[in-house]
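Take a look at this one; I'll ask things after.
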Amino acid sequence: MNLKFPKMTRFNTGLGPNPIVGGKGGMRGGSGGAPIAFTASASGLVNGQSIMLDTGTLQSGFRTPYFIDEIRIQVVTDEFKVFGGGFAWPGIGGDLRVKFQTGNRQFSKLPVPIGLYGPVFSNQDFGTVDSGADDDGDAVRRSYSNVRWPLPKPIWMAPGDVIQAVFDYDAVGIVGAPKPPVTVNVTYIGRAIAPGTPAPDTRQIPWVSFFEYETDEGYLSTTDEFRNPFTYPMIVQRFTERTFYEELPNQNLREELSRGQTPAMLNTNGQFVSMRLYDSLGYAIVKEFAPIGLVMDTSRHAWTFSRSLGAREQFDLTLRTDDLAGVAGTPVAGWYTFTGMVGYRDEVRD
Amino acid sequence: MARPDFLSPVHLYAPVDSFPAAGSEQSPNPQLLLNPNKSAMLIDQFRFSGQQAPLLHTDLWDFTYLGVDIRLGSIPLTNGIVPIPAIVPRYFGFPFATTAFDGTPTNDDAVMTWHLPRPLYVPPGVQLYVRFVRQDVFSVNNRDSAIENIGFSVVGRSMPTDYPIPKKIWVPWATATQCKQKATPFLRFVSTDQELANPNTELLHVTSLNGFNTASQQGDQGLPVKSPLTAQMTLSSGKMLMRDPTNFFSLFPTDRGVLNLDAVLQSKEFVRCELELTQPDPAFGNTPNDTIEYTTIGMIGYREVQTPIGVQP
């Protein structure tokens, strides 16, 4: 056996000749630049409310171009209820949605549930909990829910450019009120690059869409949710999936990281969701109905690949509720499966 | 319409019947594992799901005793039956997927993903043969139970129909050794020459070793344990991978249990692994004689072989 050791690579600190804006900062991303991060918060977001975060704090403080590599969202709430040992996750279960755009370049058509932007990185993604007791001895807990979205491609931003974040906290299509107020924190992670760096001709702008399914709908297909709406190709990077459960009618949806997604992990109704996926060219991507937890891989809640989707082409997704025998079971309300499509397209720079 | 020149993702699912008894085996229908788009495909991942029943926490939920044997046509991908924990890494200390936000495992359910070290090219018409075996080697006081609802899937990419067939392809290789030992007397275990081996005629590029240790105790959940277990590995040529017996969990951190390598194993060469408990294991608790530790070590790599001839669409 010949042991070979990986080459030592120089860690790029970004601290080049200019400690603020050093590094190469390639046109299509690269790894150069001085790391930067900026944050905006909104507290007391209540059910039915939309809010745009302060754009003044969501842009680089340097008067230089910069890249944004990653978007992180944290949701904090002091108030949620405990039912039968299960936890409600306010703001998570498809109720808290966000739409990003920079200039007139939108990242999605509609606000997208925050959990669908990126894969799961940890089983702690969706929260840590502080617990205590209030004056009445009831449980008072605070939940922290974290979502991390590494953008498909770094986005080149001109000085002064900003990605707007508009949150929409609403129980659209989902029974389950009241929703407690939440605080959202958004952080953009990026790199400042040297002033005078020529701007690229095009930028890679993300595109995200999603499909909502409740198990009592039995058998449901997408219409145009996973269509490329542009007149030019886009690259689809991954599908994402999240399953939520509404244990009681007045409860917020709670995240179920593995239940209801494979025959080995049935939901409380003894069922799981299967999916079938074709594209508009006739490619069988998932030809036969397969458990969604195997297609999406419950350890990541995502299926990552790279696939070009031509202008106005689309994926056709069908979801079905199965029982153990592999046939459609008796649909029962309360379980929701959200499926997202994440990709990007080249946009001519404004 | 002409097929576009891109690789389209493809997912193939083949369910497997239950395992009613130890020693039984099941195979998914190989027809379900053919690319429905009739072209060649690249396989990136194999995924397994399963459930141990009845839902008792006293079961070992790490699937230590579920083995798999995979072939592409006549080319073996595994060295016979290989326990699944030897193939897949763990996630955050738990063998497989967890369900709860606080990290509480579901105990009985699992989804496991084998990310192949290199994409596996599958010519059109060449079938994958997969065999799951419930091994009774590690049956403990009949506390293992039926494995149910096995799911197997292939994650890959469809290739354009006019894509030229390569002369050679990368074929993954998985092989493993397993042992069990009680607290008293402490056992010294040495793997055989056939276990962590390259029995093929080609060079084997070793990409990782996967180590997994778990304990079974009455009333215990069989959680992965950290014990005073040491490992020492030597090559059949006499070279040492480590000079001294080394703490098992230094080699295989409990969060993922993976030791990444970039090494080459010559044809017919093998790794000999010696495991030893050097002192009483705290995990054995008050009833050491009732507790058994299971250790699984897998070796993952790939080799270059002649492309099998398939059926053109």
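Pull out all pairs, ordered by first then second residue, where Cβ-Cβ is under 9 Å, the residues are six or more apart or on different chains, the first lies in the range B:197-210 and is more than 13 Å from chain A (Cβ to nearest Cβ), and the second is in a loop (DSSP other than H, G, I, E, B) and among the small types (Gly, Ala, Ser).
B:Pro199/B:Ser267; B:Asn200/B:Ser267; B:Thr201/B:Ser267; B:Glu202/B:Ser267; B:Asn210/B:Gly257
Which ones in the range B:252-273 are in contact with a Gly (Cβ under 6 Å, 6 or more places away or on another chain), within 14 Å of B:Ile297 (Cα to Cα) and of a type outside the set (Ser, Thr, Tyr)?
Scanning the range B:252-273 gives B:Phe252, B:Gly257.
Residue under question is A:Ala199, and the condition is that it be more than 25 Å from A:Val98 (Cα to Cα), loosely packed, with under 14 Cβ neighbours inside 10 Å and of a type outside the set (Asp, Glu); does it hold?
So A:Ala199 passes the test.
Find the residue count for the range A:262-287, including only residues that are out of contact with any helix residue (DSSP H, G or I) (no Cβ under 7 Å at 6 or more places or on another chain), at pLDDT 90 or above and over 20 Å from A:Gly310 (Cβ atoms).
Total meeting the criteria: 2.
Also, quick follow-up: Count, please, the residues in the range B:29-63 that happen to be at pLDDT below 55 and either touching a Phe, Trp or Tyr at 6+ places or on another chain (Cβ under 8 Å) or surrounded by fewer than 24 Cβ atoms within 10 Å (Cβ to Cβ) (or both).
8
For A:Ala194, all conditions in the list (1) buried (at least 16 other Cβ atoms within 10 Å of the Cβ); (2) within 24 Å of the chain's Cα centre (by Cα) hold save one; what is the number of the exception?
Answer for A:Ala194: the failing condition is (2).
Let's see how each residue does on (1) within 14 Å of another protein chain (Cβ to nearest Cβ); (2) at pLDDT 85 or above; (3) in a strand (DSSP E or B); (4) within 20 Å of the chain's Cα centre (by Cα):
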residue	(1), (2), (3), (4)
B:Ala231	no, yes, yes, yes
B:Thr234	yes, yes, yes, no
B:Pro253	no, no, no, yes
B:Arg256	yes, no, no, yes
B:Ala263	yes, yes, yes, yes
B:Arg272	yes, yes, yes, yes
B:Ile309	no, no, no, no
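If you take the residues of the range A:297-329 that are more than 11 Å from chain B (Cβ to nearest Cβ), part of a strand (DSSP E or B) and modelled with pLDDT of 85 or more, which of them is surrounded by the most Cβ atoms within 10 Å (Cβ to Cβ)?
A:Thr321
Filter the range A:268-281 down to residues that are more than 10 Å from every other protein chain (Cβ to nearest Cβ) and within 24 Å of A:Gly118 (Cβ to Cβ), then give me how many there are.
Here the count works out to 1.
If I go through the range A:282-296 residue by residue, how many of them are among the hydrophobic types (A, V, I, L, M, F, W, C) and more than 7 Å from chain B (Cβ to nearest Cβ)?
Number of matching residues: 3.
Can you tell which of B:Asp193, B:Asp144, B:Asp220, B:Asp162 is surrounded by fewer than 17 Cβ atoms within 10 Å (Cβ to Cβ) and either within 30 Å of A:Asp323 (Cβ to Cβ) or at pLDDT below 90 (or both)? Walk me through how you get there before you give the answer.
Details: B:Asp193 fails: either within 30 Å of A:Asp323 (Cβ to Cβ) or at pLDDT below 90 (or both); B:Asp144 fails: surrounded by fewer than 17 Cβ atoms within 10 Å (Cβ to Cβ); B:Asp220 fails: surrounded by fewer than 17 Cβ atoms within 10 Å (Cβ to Cβ).
None of the other options fit; the residue is B:Asp162.
Exactly one condition in (1) modelled with pLDDT under 90; (2) surrounded by fewer than 22 Cβ atoms within 10 Å (Cβ to Cβ) is not met by A:Ala158; state its number.
With (1) modelled with pLDDT under 90; (2) surrounded by fewer than 22 Cβ atoms within 10 Å (Cβ to Cβ) applied to A:Ala158, the lone miss is (1).
The values are calculated or read from the model by the stated rules, or taken from the named source; none is laboratory data. The structure displayed is predicted, hence computed values, not measured ones. Glycine gets a Cβ as well: all are built from the backbone with ideal geometry, and neighbour counts include every protein chain shown.
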